[in-house]
Amino acid sequence: MTTPDDWLSDYNAKLQKIKADTDRAQEELTQVGASASSPDGQITVRVNSSGVLEDIRFGNGFQHPKPDQVADAIMTCVRDAQRKAAGQMVEVMQQFVGDGAALDFVKSNLPHGYSGDGTDEDQQQAPGRPATPPDDDDDYSDGSFLR
C-alpha cells in the first residue's frame, strides 16, 4: 500500500521529469532553423523555427540584371528553408508529445501549410509574380540605350 508521503514523492518526481523535459524541448526548439541556397549557390537564406527570414547572403560572384528572377530565387530559397525548419520542428515536438492531436496542432500551424513530415509536395509554392519577358532589358523604356 502506498503511503501519502510515497505518493507525494512519486508525484513530485513526475513533475520534476516533466519540467526537465519541457526545459529540454524549449532548448532544442531554440536551435531549430534552416538554410537553403539557390541552385547556383549565389543566394543563401536562413529562417528560424517560425519560418521567419533571419539572414540573406549573396555570393561573391553575384550579378543579376533581372530583379524578378532574383526575387523568385530568393523566395524559392526561403520556402525551402521554411520546409526544412518545419521538419526539424516536427521532429523535436514528436519526441515530447508523440503522434496525436498535439502534434497535429503543431503541423497545422507550420508556414505555407507544410506538414513537416515529408509528405508535402516538393513544388508547393506561394503564387509568384508574372515572368518578365526574355527580351525585356529592365530599363522601363522602349528605346535603345544608344542615343
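Can you tell me the FRET efficiency between residue 19 and residue 52 if r is taken as the Cβ-Cβ distance and R0 is 22 Å, rounded to the nearest 0.05? Present the calculation step by step, with values, prior to reporting the outcome.
Values: r = 28 Å, r/R0 = 1.28.
In this case the efficiency is close to 0.20.
Here the Karplus curve 6.51 cos²θ - 1.76 cosθ + 1.60, taken at θ = phi - 60°, turns the phi angles of region 52-59 into couplings of 7, 5, 10, 7, 9, 10, 10, x Hz, with x standing for Gly and Pro.
Shape of region 18-108 from the C-alpha gyration tensor: prolate (a/c of 1.5 or more and a/b above b/c, with a ≥ b ≥ c the square roots of its eigenvalues).
Between residue 12 and residue 70, the modelled labels are 6.3 nm apart [label points 7 Å from Cα along Cα→Cβ].
Highest average first, the peptides 95-107, 72-84, 36-48 ordered by how many other beta carbon atoms sit within 10 Å of their residues are 72-84, 36-48, 95-107.
Read the figures in this text as sums done on the coordinates, not as results from a lab. Remember, it's a predicted structure, so these values are computed and weren't measured experimentally. Because the Cβ atoms are built from the backbone with ideal geometry, glycine has one as well, and the counts that use them run over all protein chains shown.
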